[in-house]
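Novice: This structure is in structure tokens; I'll ask about it shortly.
No lab work stands behind these numbers, since they all come straight from the coordinates. Quantities reported herein were computed from a predicted structural model and do not represent experimental measurements. Here the Cβ positions follow ideal geometry from the backbone for every residue, glycine too, while neighbour counts run over all protein chains shown.
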Amino acid sequence: RAARGLAGVVEVAYEADLRAKASQTPVSEVMVRVAPGTKAGVQRIEFVGAVAGEFDLRDYVERVDGRAMTGLAPIPVIVESSLPAGHGTDLFGSSESAFTWRTHYRGILWGGAVLWVAVPIVVLAVRAARRPAPTPHPEVVRQLTLEDQLREAIEVARDRPLTVQERGRLELLVMRVLTGGGGDTDRSEPQSVALAIAAARQEPGTRDLVLAVERWLHSPEGGAAAHGDATAALEAFRRSRLETPVVEAPGAGVAS
């Protein structure tokens with residue numbers, strides 16, 4: 001007896017030398033090889049069965065001298081297999097391969113590697129999904145300074161004619177900036193406002209601007225020329241005083 005695909009050995013006593021038939025091929029049911037035995041007159045026949053069943057090794061050997069074999073008793077062998085019946089000669093073609101770690105170890109290793117990489121990604125994704133949305137910071141509204149308000153008023157005066165209210169506001173903004181921003185000119189006493197305007201008219205650094213603005217805002221015959229002079233004076237004042245705002249302490253007196 002021999003297992004399918006494994007070599008078996010039979011020793012026979014025969015006076016003539018034997019050899020394997022030349023007709024055997026790698027796909028034969030049984031392949032044999034003849035070698036000298038361990039005793040004189042004994043020959044060793046090694047065989048490998050590819051198909052399960054009972055065979056007579058006499059069918060696979062012949063005499064070396066080419067004569068017919070006579071006097072050789074039957075040499076029965078049994079090839080056993082654990083594979084299904086009718087499986088054929090392919091030892092690795094079974095369609096009923098069991099899923100075991102021995103036959104699918106590569107797939108198991110790749111699956112473990114994928115899980116090892118995927119678990120942290122899933123954990124991070126779940127944490128990100130559960131994380132509360134950030135609270136938006138309240139928008140900080142910047143309070144416009146006197147310089148900012150005057151700058152905007154000058155831009156409007158340069159682009160279009162002003163209404164009566166806009167002219168009065170522009171004049172008050174000019175006065176407040178020229179006097180250092182002390183107090184609220186809109187609510188000041190008339191005498192205080194008059195004194196501040198009079199001081200600005202006398203100051204060499206502000207006299208031309210004040211006169212140009214008053215000529216434009218209060219003189220009926222000023223017209224386009226007065227508007228142009230006032231706009232030019234305001235533009236020069238904006239470049240010199242409003243490009244880099246200067247913060248002065250309240251009540252610092254008349255600005256130069």
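Novice: Net charge near LYS21, counting Lys/Arg +1 and Asp/Glu -1 over other residues with Cβ under 10 Å of its Cβ?
Specialist: In short, -1.
Novice: Now, a different point. Please list 20-29, 164-173 highest first by mean number of surrounding beta-carbon atoms within 10 Å per residue.
Specialist: 164-173, 20-29
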